[in-house]
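See structure below.
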Amino acid sequence: MSATFVDFNHVFLAYDGSSEFAVEDINLQTRQGEFIAIVGPSGCGKSTFMKLATGLKPPTRGKVAIDGAPVTGPLKIVGMAFQAPTLLPWRTTLDNVLLPLEIVEPYRSNFKRDKAKYVERALALLKTVGLDGYADKFPWQLSGGMQQRASICRALIHEPKMLLLDEPFGALDAFTREELWCVLRDLWTERRFNVILVTHDLREAAFLADTIYVMSKRPGRIVARKENPLPQPRDLEITYTEPFSELVHELRTHIGRVRSS
């Protein structure tokens, strides 16, 4: 937990054809195995930050390094999940989870030979997130929460060093959302991959993250960094305590300042 894993060094990004920066002067470092959350108003550059961290967009200025190496293109050590599960409707849950192994090297070349091993890995993941017995179901046979569980499994099937989550629970009801917080907490506690969570939900950030960053309005800058004082791992009961409420209130105060600036 000591070595730097994500390293943003004075990073600026302007999209093609734009004279304005989407994000500017981002400085951020995370430890190995750290869970961070990024919060801020809509359009502040949270998703742009994700593109920079995965190598989907190169910085206009500055440098991005992941796991000690400069980012020069799309990374294979990353898994991603989004607000929409985007499961392929003609594939079963199991086949959706296996999809990255069919298209990403070095797994693609060995997929047929090692398929039994990969199926075993996928079934174990599905069991971990509460989808034991749903491997043969199609997406339309699953609830929204079940689909998002499968999406997280798909993001983790190739055992990435970093998981990027872009509003992954935003479309779910409150009860299902909190269930999936606990699923994600348990997966992270067991495996200790790095996580970058982009969310509008301050309670979600406070429950899950080790460190929380607040971004300004566009052009996005980091205007606050808060180390979470609540001990890990956290149970849902902590969300009803005064220290948790104080943390959420502090984050809300930062967001309020951003909106009024």
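The values are calculated or read from the model by the stated rules, or taken from the named source; none is laboratory data. Since we're looking at a predicted model, the values are computed, not measured. Every residue, glycine as well, gets a Cβ built from its backbone with ideal geometry; the counts of neighbours run over all protein chains shown.
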>> Within the range 222-235, does at least one residue satisfy the condition of being under 11 Å from R203 (Cα atoms), in the same structural domain as N9 (by TED's automatic domain parsing) and within 22 Å of the chain's Cα centre (by Cα)?
In response: no
> Taking interchain pairs and intrachain pairs at least six residues apart, which have beta carbon atoms under 8 angstrom, with the first residue in the range 82-110 and on the phi > 0 side of the Ramachandran plot and the second surrounded by 15 or more Cβ atoms within 10 Å (Cβ to Cβ)?
Replying inline: T86/S151
>> Restricting to the range 16-57, name every residue that is over 16 Å from L164 (Cβ atoms) and either in a strand (DSSP E or B) or without any contact (Cβ under 8 Å) to a residue 12 or more places away in the chain (or both).
In response: D16, G17, S18, S19, E24, D25, N27, Q29, R31
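Identify, please: which residue in the range 72-84 is outside any strand (DSSP E or B) and closer than 22 Å to N194 by Cβ and is, among those, modelled with the lowest pLDDT? It would help to see each step written out before you state the result.
If we filter the range 72-84 for residues that are outside any strand (DSSP E or B), which is where we start, we get 72-77, 83-84.
So of that shortlist, the ones also closer than 22 Å to N194 by Cβ come out as 72-77, 83.
Details: T72: 91, G73: 90, P74: 90, L75: 90, K76: 87, I77: 91, Q83: 84.
In this case the residue turns out to be Q83.
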> Could you say whether any residue in the range 239-251 is in contact (Cβ under 8 Å) with a residue 12 or more places away in the chain, within 14 Å of the chain's Cα centre (by Cα) and surrounded by fewer than 19 Cβ atoms within 10 Å (Cβ to Cβ)?
Replying inline: no
>> Take the conditions surrounded by 15 or more Cβ atoms within 10 Å (Cβ to Cβ) and not hydrophobic (A, V, I, L, M, F, W, C) and apply them to Q83. Does it pass?
In response: yes
>> For the list (1) touching a His at 6+ places or on another chain (Cβ under 6 Å); (2) not assigned by TED's automatic domain parsing to the domain that holds N194, I need the number of the one condition that G62 fails.
In response: (2)
> Given the conditions (1) over 18 Å from the mean Cα position of the chain (by Cα); (2) closer than 13 Å to P219 by Cβ, and given that P70 satisfies all but one, which numbered condition is not satisfied?
Replying inline: (2)
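Give the number of residues within the range 59-75 that are exposed (fewer than 15 other Cβ atoms within 10 Å of the Cβ) and in contact (Cβ under 8 Å) with a residue 12 or more places away in the chain. Please lay out each step first, then the result.
Step one: filter the range 59-75 for residues exposed (fewer than 15 other Cβ atoms within 10 Å of the Cβ), giving 61, 63, 68-70, 72-74.
Remaining after also requiring in contact (Cβ under 8 Å) with a residue 12 or more places away in the chain: 61, 63, 68, 72-74.
Within the range 59-75, residues that are exposed (fewer than 15 other Cβ atoms within 10 Å of the Cβ) and in contact (Cβ under 8 Å) with a residue 12 or more places away in the chain number 6.
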>> Considering only residues that are outside any helix (DSSP H, G or I) and more than 17 Å from P100 (Cα to Cα), which ones fall in the range 114-140?
In response: V129, G130, L131, D132, G133, Y134, D136, K137, F138
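Just to be sure, is S109 surrounded by fewer than 18 Cβ atoms within 10 Å (Cβ to Cβ), among the hydroxyl-bearing types (S, T, Y) and outside the structural domain of T211 (by TED's automatic domain parsing)? Talk me through it step by step, then tell me what you get.
Working: surrounded by fewer than 18 Cβ atoms within 10 Å (Cβ to Cβ): yes; among the hydroxyl-bearing types (S, T, Y): yes; outside the structural domain of T211 (by TED's automatic domain parsing): yes.
Yes; evaluated as a whole, the condition is true for this residue.
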> Of the residues L156, L142, L172, which single one is surrounded by 20 or more Cβ atoms within 10 Å (Cβ to Cβ) and either among the aliphatic types (A, V, I, L, M) or assigned by TED's automatic domain parsing to the domain that holds E246 (or both)?
Replying inline: L156
